[in-house]
Structure formats: structure tokens, C-alpha cells
Amino acid sequence: MDSTLAWKKFANGQTPSSVTLNKIFYEKVSKNSQILDFGCAWGKVPLELQEKGYNVIGFDINEAEIKKAQEFAKESNKKYKSQIKFETANALNLPYKDNSFDSCLMQAFMTTLTNPEDRIKVLKEAKRVLKKDGILYMGVFGQTWENPKYQERYDAHFPITKEKGTFIVTKDGTPNTEEIYRVHHYTKDELNKLLSNKFKIELLEKTTFTSYHGNKANGFIVIAKK
């Protein structure tokens, strides 16, 4: 399944969003910062950040979810001094100027990139739009071989996805039901390799996330500087 089409089919705030923002973000990124949220969907994270005094531009390829986010922004921008804005855009070719943002936020966004070349392109774009010493924050799902459910999927889907850690998420979590989308779970070494040539990694910390279907999975919190 084409990943773009998969993520465009959600509407009315139904895009999966099970990962919460780690407190380290608030320690590293000062209020009044200009933040770019990658794959913001219907605006959950930007709305939370706005309440805490952050200015956020959120983008997504899903026009329906951006429309929903814009409806929320109309009301929240009247309520708060800090402002949020939502736009339809593609992370592979961002419509923003160089050195525009204090922080780029990728909350489980890298997990949705099942094409290895796209991961490199997205990080290149993030670096381009970040200001000098700007902060990249990532919450990324990690490979969870110790969980039999994930081990089974990694192995069963490898002949289809051609990459260890990339697997198919189905409607009810069982192998024989409708495919919703595909995701990639990373190893620590993968993240180090992806980031080390473009950013200075300040933190790469293991944690635990909850998946779309409520399963516990390994995850990583990443703080990196341009």
C-alpha cells in the first residue's frame, strides 16, 4: 500500500495518535519558540503546546485532517497569546524557508516512513528549516523482539516489506484483516546512523510507548541539535 494514500484516508480526528510528548521537550525547548510539527494530523500536539505558551506550525499531507485542525485553531487562537497554524504540506519538500524554526517536532512521524530514502530526505529538510542550534525532537517506536506479537509480525511481514522492523498494521490487529498502514520500528543503531551525519545527538533514550492497538512497544526519545 502507498504510504501517502494510507495516511490520507483518515478524517474527523481519527488519525492514530497514541504517543505522548516527553517532559524533556519542555526542558530543552523554551516557550515562545517557533515550532514545526511534522505530520500533525488534526492538531493534537500543537494544541497542547499552545496551551503551554508555544507557537506552532503543524503540517500534514492529509487535507481532511488539516481542515479539522484549522477549525480547532480558529477558536484556540482567540484564547491564547501564542498562536498555531495548520497547513497541507509534504515533509519531503517543505514549503518553508531555511533557518525558520527553533525546533522541529516528530512525534512518531519517523515511524510512518517505510521507505529508507524518505527518512534521509525528511531529516535533510528538517535540518534545512531549523535555525542554527535548533532542536530536533523525535519520539520513535523501537523494535520490540521480546514481545511475541511484534516478533511474529516482523518475521511474517519481512517477505512483503523487505526490511526488518517494517510491518503491516491491520484493522483489528490480526494478520488476515484489512491493511490500514505500514510502519517501521527502529533500532538504536539505525537512529544513530540516520542522525549522526546531520545533527549532534544530545540524547537518545529508551522508553516505552503504547501502539494504535494498545500494545506496549519499545521507543526512543531523541534530542538532537543542528
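Just a few scattered comments:
- N115 being touching a residue at least 40 places away in the same chain (Cβ under 8 Å), closer than 27 Å to V56 by Cβ, of a type in the set (S, T, N, Q) and out of contact with any strand residue (DSSP E or B) (no Cβ under 7 Å at 6 or more places or on another chain): yes
- Summed over segment 78-108, the residues that are under 22 Å from A11 (Cα atoms), without any contact (Cβ under 8 Å) to a residue 40 or more places away in the chain and not in a loop (DSSP other than H, G, I, E, B) give a count of 3.
- Where helices (runs of 4 or more DSSP H) fall entirely within segment 109-223, those with at least 1 residues that are under 30 Å from N99 (Cα atoms) and touching a helix residue (DSSP H, G or I) at 6+ places or on another chain (Cβ under 9 Å) are at 116-129, 188-196.
- Applying the condition of being in contact (Cβ under 8 Å) with a residue 24 or more places away in the chain and charged (D, E, K, R) to segment 37-67 and asking which residue is nearest to N93 (Cα to Cα) yields D60.
- Enumeration of residues in segment 23-60 that are part of a helix (DSSP H, G or I), under 21 Å from L113 (Cα atoms) and charged (D, E, K, R): K44
- Residues in segment 74-93 that are within 18 Å of the chain's Cα centre (by Cα), surrounded by fewer than 22 Cβ atoms within 10 Å (Cβ to Cβ) and of a type outside the set (G, A, S): K85, E87, T88, N90, L92, N93.
- Taken together, F199, F167 contain a single residue that is at pLDDT 95 or above and either under 20 Å from the mean Cα position of the chain (by Cα) or not aromatic (F, W, Y) (or both), which is F199.
Table: residues versus (1) out of contact with any strand residue (DSSP E or B) (no Cβ under 6 Å at 6 or more places or on another chain); (2) closer than 24 Å to A126 by Cα.
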residue	(1), (2)
I160	yes, no
G165	no, yes
E179	no, no
Y186	no, yes
N192	yes, yes
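The values are calculated or read from the model by the stated rules, or taken from the named source; none is laboratory data. These numbers were taken from a predicted model, which means no experiment stands behind them. Note: ideal-geometry Cβ built from the backbone for every residue, glycine included; neighbour counts use all protein chains shown.
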